[in-house]
Amino acid sequence: MKQKLDLDIEKYKIIDSHCHLTSNFEDFQKNLEIFNIENFCLMPTIIENDFNNLSNYFKKVKSIVAKFKNACNIFGAVDFSKSPEENLELMLNQRDKEKIKGIKFHYEQNFILEKKYLRPYFQVIEDIFGYDIPIYIHTDWPLVGERLKPTKLKDSFSKFPDYFPDFKFIMGHGGGSGAYVSIWKVCKKYSNVYVESSMCPTTQSLEEVIWRIGDDRVLFGSNFPYCGTSIEVVKILSMYQVSDEDRKNIFYNNAKELFEL
């Protein structure tokens, strides 16, 4: 017998700041309804090879946009296999045709984490979008094949707000499985950094951001369908010494302001 999920979620509205495409519309819609998700950010994923075929990603996205219309906020990406000059046209298309609300970076794109290399690409983003478009950085940097990726935030994520302090950055997955314990320090150092909660392995690191920095820098994310939305919701509901107003901001208000919804 199936049991009804009882998470006391009815009093909260939710903006899901990180989910992915699924071809099963029924499951996708059911997930929105069960958890009272009014709005969501749809992002490319390595699992579906989206970063290597952005045109196909946007074709797939159209079906979700058509079905959910204004509830859907599309994230795009830089194509690091192309030059910054070639990305100028790609970014124009993502702005004018795809109407993207944000840009996602993933370590599997094999960009070079150096300012000299990244600056021309960020100049393209600035030229097309200005500084207001949020940039989501995937923060799990594990061993991939024979390539050693940095696991400390100062050697990975923190390079971005350090190099480009005028942009808004979202620290994906609560800092990642290897570096989540120090995310409040990153938020304290960089006022342009937000933290997305999905896959963060403990509530304590998110709580410390709220206690030390404030509740306005934490965003709820589910990572649906690769994570259970129920687990991610419970994470926010079970936070210690966090007020109901804090939770409302994490679930909804912070994302509404950041994404200008």
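Before moving on, here are some points about what is shown:
- Computed over all pairs of different Cα atoms, the Kirkwood value for the hydrodynamic radius of the chain is 18.6 Å.
- Value of [θ]222 nm, deg cm²/dmol, for the chain, DSSP H segments ≥ 4, -39500 (n - 2.57) each, nearest 500: -10500 deg cm²/dmol
- Charge dipole (the range 16-258, unit charges on Cβ, about Cα centre) - positive-most of Leu237, Met199, Cys41: Met199
Read the figures in this text as sums done on the coordinates, not as results from a lab. From a predicted model like this one, the values you see are computed outputs, not experimental measurements. Cβ: placed from backbone, ideal geometry, glycine included. Neighbour counts: every protein chain shown.
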